[in-house]
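Written below as structure tokens is the structure these notes are about.
The values are calculated or read from the model by the stated rules, or taken from the named source; none is laboratory data. Everything quoted here is computed from the prediction, not taken from an experiment. Note: ideal-geometry Cβ built from the backbone for every residue, glycine included; neighbour counts use all protein chains shown. Note: accessible area is taken over every heavy atom of the protein model, side chains too, but ligands, DNA and RNA are not part of it. Shrake-Rupley method; radii C 1.70, N 1.55, O 1.52, S 1.80 Å.
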Amino acid sequence: IGTIDEHGVYNAKTTGDKAGKIIIEKNGFKKEINVFLSDYSSETEYGFADISNHWAKAQILQSAQSGIINGIELDGKMYFKPDNYMTRAEFAQIIAKYKGIQNEDISDIPPYTDWNDVQPWAQNAIKAVYKYGIMSGRSEDSGKTFNFSPNSNITRAEAMTVLGRLIPNEAGKEPDFADTIDIPSWAKAGIARLYYKGYSDNTILPQNNVKRAEAVTMLNKMN
């Protein structure tokens, strides 16, 4: 019903209507996948049914193998939804996993006005990235409220600022893009530390939202 390739990736090519489970183990990382043969009539990779032809396939597989990302199970199939936008809560989760701090027992609740909007699955991660100064919130209403905005999409400027905080505090290179004027002042230092390369037209599009595939690619390039 399928093979495990040199990357430890399960490639299922199945027909029929039996159901079962397989467990992939590589380098100490285990992944259990529900296999519904009637559903897996086309090739799937690492349990994700929607990445085989995606430009970020290798990056997604790398992050899945390292346990940084999870998929979404729908009707017995696993999806990564690479072109969906990533929320701030989701980004906090992958950053916490990348740093290995997602399971820390932190009792203090960050001073976010909208903490009640944070889903239980994201609370530990958000506490951790706040505690270590990796990810902060959004000051809104002329500074009257301090929100985390967990369900809002994270922007490229925000994501690059967070990633810049994972790098030793070096001055870096002053951003020099066609749209540098659009980079918020609070994001310039983080972007400078990344030595980040923009798009082919030398733009960085800092106000654009980050797609899930883009987020894991940016994080993988930190290694």
Note to self: Checking the condition more than 20 Å from Val216 (Cα to Cα) and in contact with a Pro (Cβ under 7 Å, 6 or more places away or on another chain), which residue from Lys173, Lys127, Lys131 passes?
What the structure shows: Lys127
Item checked: Filter pass, Tyr79 being buried (at least 17 other Cβ atoms within 10 Å of the Cβ) and more than 20 Å from Tyr132 (Cβ to Cβ) -> yes
Notebook entry, point to check: Condition test on Ile109, is it among the β-branched types (Val, Ile, Thr), under 18 Å from the mean Cα position of the chain (by Cα), part of a loop (DSSP other than H, G, I, E, B) and modelled with pLDDT of 70 or more?
Noted result: no
Next item on the list: Name the residue, out of Pro175, Pro150, Pro184, that is modelled with pLDDT of 95 or more and open to solvent by less than 50 Å² (accessible area, probe 1.4 Å).
Entry: Pro150
Note to self: Go through the stretch 38-63 and report how many residues are at pLDDT below 90, among the small types (Gly, Ala, Ser) and open to solvent by less than 20 Å² (accessible area, probe 1.4 Å).
What the structure shows: 1
Check: Which numbered condition trips up Val129, out of (1) buried (at least 16 other Cβ atoms within 10 Å of the Cβ); (2) modelled with pLDDT under 95?
Finding: (2)
Notebook entry, point to check: Which of (1) at pLDDT below 85; (2) among the hydrophobic types (A, V, I, L, M, F, W, C); (3) touching a His at 6+ places or on another chain (Cβ under 9 Å) is the odd one out, the single condition Phe29 does not satisfy?
Noted result: (3)
Next item on the list: Filter the stretch 153-172 down to the residues that are closer than 23 Å to Ala89 by Cβ and of a type in the set (Gly, Ala, Ser), then identify the one that is surrounded by the most Cβ atoms within 10 Å (Cβ to Cβ).
Entry: Ala159
Margin query: When the residues of the stretch 54-104 are narrowed to those that are part of a loop (DSSP other than H, G, I, E, B), of a type in the set (Asp, Glu) and over 21 Å from Ile126 (Cβ atoms), which ends up nearest to the chain's Cα centre (by Cα)?
Written below: Asp83
Notebook entry, point to check: List the pairs whose first member sits in the stretch 92-121 and is of a type outside the set (S, T, N, Q), whose second member is open to solvent by 70 Å² or more (accessible area, probe 1.4 Å), and whose Cβ atoms are under 6 Å apart, counting only residues at least 6 apart or on separate chains?
Noted result: Ile106/Lys131; Pro110/Tyr130; Trp115/Ile109
Checklist line | Answer from Ala192, Ala213 - the residue that is under 23 Å from the mean Cα position of the chain (by Cα), crowded, with 16+ Cβ neighbours inside 10 Å and modelled with pLDDT under 85 | finding: Ala192
Margin query: Cβ contacts < 8 Å: first residue at negative phi and among the polar types (S, T, N, Q), restricted to the stretch 53-73; second residue outside any loop (DSSP other than H, G, I, E, B) and open to solvent by 70 Å² or more (accessible area, probe 1.4 Å), any location; separation 6+ or different chain. Result?
Written below: Gln65/Lys26
Check: How do the pairs read when you match residues in the stretch 152-171 that are more than 18 Å from Ser139 (Cβ to Cβ) with residues anywhere that are hydroxyl-bearing (Ser, Thr, Tyr) and modelled with pLDDT under 90, using Cβ under 7 Å and keeping only pairs 6 or more apart or on different chains?
Finding: Met160/Tyr196
